[in-house]
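The values are calculated or read from the model by the stated rules, or taken from the named source; none is laboratory data. Values in this document were obtained by computation on a predicted structure and should not be read as measured data. Here Cβ is always computed from backbone atoms with ideal geometry, including for glycine, and neighbour counts include all displayed protein chains. For the accessible areas, the whole protein counts, side chains as well, though only heavy atoms, and no ligand, DNA or RNA atoms are used. Shrake-Rupley method; radii C 1.70, N 1.55, O 1.52, S 1.80 Å.
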Protein chains: 2
Amino acid sequence: MKDFIFHNPDKVYFGKNQIKYLPEELLKLGKRVLFVYGGGSIKKSGLYDTINELLKTNGLEVFELAGVEPNPRHSTVNKGAEICKKENIDIVLAVGGGSTIDCSKAIAATTLIESGDVWELVSNNVWVTKALPVAVVLTNAATGSEMDAWAVISNMNTNEKIGLGGNALIPKVAFENPELSFSLSAYQTACGAFDIFNHVLDNYYFAGEATFDMILEFQEAVMRAVVKWAPIAMKEPDNYEARANLMWASSMALNTVLDAGTVHDCACHAMEHELSAYYDITHGHGLAIITPRWLEYILNERTAPAIYRLGVMVFGIEESLDEILGAKKTIKAISDFCFNTLGLKSNLSDLGIDDKYFKEMAEHACFGSIITGPENLTSSDIEAVYKMCL
Amino acid sequence: MKDFIFHNPDKVYFGKNQIKYLPEELLKLGKRVLFVYGGGSIKKSGLYDTINELLKTNGLEVFELAGVEPNPRHSTVNKGAEICKKENIDIVLAVGGGSTIDCSKAIAATTLIESGDVWELVSNNVWVTKALPVAVVLTNAATGSEMDAWAVISNMNTNEKIGLGGNALIPKVAFENPELSFSLSAYQTACGAFDIFNHVLDNYYFAGEATFDMILEFQEAVMRAVVKWAPIAMKEPDNYEARANLMWASSMALNTVLDAGTVHDCACHAMEHELSAYYDITHGHGLAIITPRWLEYILNERTAPAIYRLGVMVFGIEESLDEILGAKKTIKAISDFCFNTLGLKSNLSDLGIDDKYFKEMAEHACFGSIITGPENLTSSDIEAVYKMCL
């Protein structure tokens, strides 16, 4: 069992009636707030007005950065950091889903470096130890960014989408009201759900060292929750139980509870980031296309027992099969979940992607070296997985 | 589903090679340390010397409070607070199990009140918002005090054992090395294990509102871990996997992960605290005697489905029984676990306890009102449960 550090100081207010505590929590952190959001959905829903009123009537000064992209751009981050420097901002408040939160975290870090260019941090793989405090009002269950130490930023000039990490990026406080996700479309819900599922898979015990039984079982419980509640949320968008289960699954998947004593790999994430960087597709959809192919690619006698166990525990596949057969049934069950239950298109070609950049993307994905995991992947392995996705 | 706040800023270093980070973490909190411990076991094991050397060679100034009792006394807390005031202590460092940690937390709070008397806080049911920082080196898997917001203090003058709570009591940092629990006896291991089991039971969904499936399944996973690993740790005291699973189960049981959206009741704890207050018995043993009787007492058509589910999920009891019968089998399985597997004596009379104070204890346990839970308990209910334990 690996030694580990468990630390997540993020304070989460979860539920219907919690937003009233937002001003009180922000006032602990400062007075001048950069309110960061994406498209117009929070204006349509009334959330924009609610938050503005809450902040202003409680003596907070509000500045704004609107228009964060679904795969947030380094240029948007830099624009936000410029506002923070100029206006002497104390707190970055993200109102939205993963992209808005990631952008806000990156702004919080970039404000405190002289160049004001986030790409300096990203390209040098800096572990961020200083940043403005970030607060979150979550509207989408997906990335887990509301409780984790990561932000993924895209540079469309160079076709790069890269993670920026650091303890200073963990939000200080997050408000999670499942009702705020009622307005998500079935497609957005599906993509978010599979992002959560895949985050758990990143910690799953495929062929690594022994870990805690209970943590393995926690992981399976979160995956089962996604498999159970995602289709319900798609069919009944205002089903509170379904939205609440997905939202809390999103946070649990990446708040280090499921990491304890495990090996954290993220092969699928690394491969998907290239798809989003080159083609700006929705992250969760890219993951859904890649994951079953990746599992098929790494399936062997060493990895089969864990893959099969996942099938038994999460998809109710019968026990006592031959392990390779059981693992194959598991992969089929994951495919069915992605492409039937969640209704996501199953091939890259369906999204207008061909093999033109696969070689280049594969090199990027492994930074010219390997992606570690239950089976380490070289760039030619990664290219092979991309081809299986066509 | 209930709204909730999830917040636990405690930083845990878990594993074999973590204690080297102790000085670095303490230096973030100050320089003057009150080193609190219980009996001589940490001297015998060498831990006392290791820690002293680590602290002193890193420029920390060490003061000492030794001899914390298994049910820590208010007088010992007051003595510790006096040292803290006199010596201008920055940090209270608990090295030991739940009693030492509880005592240290109470010292940390009492130092900052003028009277210097912990009983002022306890008897007025004060929610502690100011305390010195507490750090922990854990040697026993049991109370969860290493990650929770509570301390239980006994006043032997008045036969009272009462919890003191507050966010300021959550330790700032905890070091959990499973090897430090190798020296525990089988009896100590058994008592600690059942304390953990019961903490999870306190959050279990007996008859309350719906909660997250995944949280219910997390609870069952932790209980399964206790049921699996406790007997192994008893037979093989230096089995690292067994000790690690129990230690992390102890922390997970009370660090709020298992609380999310649930109703937290603690009927058995309330009833047991009276046993310890009047007879100074080991807490986990008292819980083991009370728990199956309490379940029997509250068993009815409303509570049976959840009790039965617990039996299926944790003890592998067959499904498709009549619910009352299934619940009865579950209670029998818990009794067998306590009194056969863990080898604990099953009756209060075995511990020399008779019914002399039951009426008085029952009044204390419910503070002259009721204990809330899946079935609320009046003092006469509590007295009846005590009598079942004779």
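Given the conditions (1) within 11 Å of another protein chain (Cβ to nearest Cβ); (2) in contact with a Ser or Thr (Cβ under 9 Å, 6 or more places away or on another chain); (3) farther than 25 Å from A:VAL314 by Cβ, which single one is not true for B:THR256?
All conditions pass for B:THR256, except number (2).
Go through segment B:1-51 and give me each residue that's open to solvent by less than 40 Å² (accessible area, probe 1.4 Å), over 19 Å from B:VAL134 (Cα atoms) and without any contact (Cβ under 8 Å) to a residue 40 or more places away in the chain.
B:GLY46
Quick test of your reading of the structure: A:MET147 fulfils all but one of (1) surrounded by 24 or more Cβ atoms within 10 Å (Cβ to Cβ); (2) in contact with a Lys or Arg (Cβ under 7 Å, 6 or more places away or on another chain). Name the failing condition by number.
Only one criterion is unmet by A:MET147, namely (2).
Any residue that is open to solvent by 10 Å² or more (accessible area, probe 1.4 Å), within 14 Å of chain B (Cβ to nearest Cβ) and either more than 17 Å from the chain's Cα centre (by Cα) or within 28 Å of A:GLY116 (Cα to Cα) (or both) - is there at least one of those in segment A:150-160?
no
Of everything in segment A:203-239 that's facing another protein chain (nearest Cβ under 10 Å) and assigned to a loop (DSSP other than H, G, I, E, B), which residue is surrounded by the fewest Cβ atoms within 10 Å (Cβ to Cβ)?
Among them, the one singled out is A:ALA210.
Of the residues that sit in segment A:3-29 and are closer than 21 Å to A:ALA244 by Cα and assigned to a helix (DSSP H, G or I), which one is nearest to the other protein chains (Cβ to nearest Cβ)?
So, considering only residues that are closer than 21 Å to A:ALA244 by Cα and assigned to a helix (DSSP H, G or I), the one nearest to the other protein chains (Cβ to nearest Cβ) is A:TYR21.
Quick check, is B:GLU87 surrounded by fewer than 17 Cβ atoms within 10 Å (Cβ to Cβ) and closer than 17 Å to B:SER276 by Cα?
Considered against the rule, which asks whether it is surrounded by fewer than 17 Cβ atoms within 10 Å (Cβ to Cβ) and closer than 17 Å to B:SER276 by Cα, B:GLU87 comes out as no.
When B:VAL200 is evaluated against the numbered criteria (1) open to solvent by less than 10 Å² (accessible area, probe 1.4 Å); (2) of a type in the set (A, V, I, L, M); (3) under 26 Å from B:THR50 (Cα atoms), which criterion, by number, is the only one it fails?
Every listed condition holds for B:VAL200 apart from (3).
For the list (1) under 14 Å from B:PRO9 (Cα atoms); (2) assigned to a loop (DSSP other than H, G, I, E, B); (3) open to solvent by less than 10 Å² (accessible area, probe 1.4 Å), I need the number of the one condition that B:ALA174 fails.
All conditions are met except number (2).
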